[in-house]
Amino acid sequence: MPLIRPELMATVSRWSEVLTGLGIAAFGLWALQARGSFFQGLAALVMLAGMALAVIGWRRMRFRRTGAAPGVVQLIEGQISYFGPENGGFIALGDLVELHLTDHGQSWLLVAQDDTRLTIPVAAAGAEALFDAFARVPELRMSALLDALDAPDPVPARPLWLHPSRRGAHLRLR
C-alpha cells in the first residue's frame with residue numbers, strides 16, 4: 001500500500017515545475033534578510049530566477065495534456081519523430097512551414113517544405129517535448145498556442161503558425 005495516494009502524487013507531479021520555481025523564489029525572499037548589499041542582490045537574483053522558472057513551469061503545465069493517446073513522440077537534434085500504431089514520420093524543425101491544431105484540439109498537424117504532413121496526437125507519449133520544439137519556431141506566439149489548446153470549444157482545425165513564405169499563398173483566392 002503506497003504511503004501517498006496516487007491522485008495526490010499525480011497532482012504534485014503535474015505541478016512540480018511550478019512548485020520548484022516557487023520554492024526557489026521563496027528561498028530568495030528568505031535570503032533577502034542577509035546583511036550586505038552583495039548578498040541581498042544575490043538573493044534578489046535567486047528570487048527572480050525562481051519566478052521565471054515558475055512561469056515557464058506554468059506554461060509547460062498548460063501544454064501537457066492528461067490522458068493517453070497512441071504513439072510516441074521524440075525530439076532529437078531538431079527532428080520531430082512520431083511513431084504511431086498506424087502511421088508516423090519525421091519532420092526536421094528547420095523544414096517546418098505550417099503548424100495547425102486539428103481534430104477539435106486533439107492533434108497537431110505539422111507540414112514541411114516538401115508538403116510532408118505529420119499528424120501527432122496532443123496526448124501522445126513524449127508530446128511534452130514539442131513545447132521546446134515549438135518555442136524555437138520564429139514568430140510563433142506560445143501564448144496563442146496555449147490559448148488554442150485551452151479553448152473551451154475548439155474549432156475543427158486552426159492554423160497556429162505559417163512560415164512567411166506561405167502566408168501569401170493562404171491569402172490568395174483560388
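The values are calculated or read from the model by the stated rules, or taken from the named source; none is laboratory data. The structure presented is a predicted model; accordingly, all values stated were derived computationally and were not measured. Methodologically, a virtual Cβ is constructed for each residue, glycine included, from the backbone with ideal geometry; neighbour enumeration extends over all protein chains shown.
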Of (1) surrounded by fewer than 15 Cβ atoms within 10 Å (Cβ to Cβ); (2) touching a residue at least 24 places away in the same chain (Cβ under 8 Å), residue 53 fails just (1)
Given (1) touching a Pro at 6+ places or on another chain (Cβ under 8 Å); (2) at pLDDT below 90, index of the condition residue 121 fails: (2)
Among the candidates 46, 72, residue that is over 22 Å from residue 147 (Cβ atoms) and in contact with a strand residue (DSSP E or B) (Cβ under 9 Å, 6 or more places away or on another chain): 72
Have a look at 109, 99 and point out the one that is part of a strand (DSSP E or B), touching an Asp or Glu at 6+ places or on another chain (Cβ under 8 Å) and touching a residue at least 40 places away in the same chain (Cβ under 8 Å). 109
I'd like to check something: does region 60-76 contain any residue that is β-branched (Val, Ile, Thr), over 16 Å from the mean Cα position of the chain (by Cα), crowded, with 17+ Cβ neighbours inside 10 Å and assigned to a strand (DSSP E or B)? no
Matching residues in region 20-50 - criterion: being surrounded by fewer than 15 Cβ atoms within 10 Å (Cβ to Cβ) and within 21 Å of residue 62 (Cα to Cα): 20, 23, 49
Inspect region 116-135 for any residue being in contact with an Asp or Glu (Cβ under 8 Å, 6 or more places away or on another chain), touching a residue at least 40 places away in the same chain (Cβ under 8 Å), surrounded by 13 or more Cβ atoms within 10 Å (Cβ to Cβ) and not assigned by TED's automatic domain parsing to the domain that holds residue 17 and give the result as yes or no. no
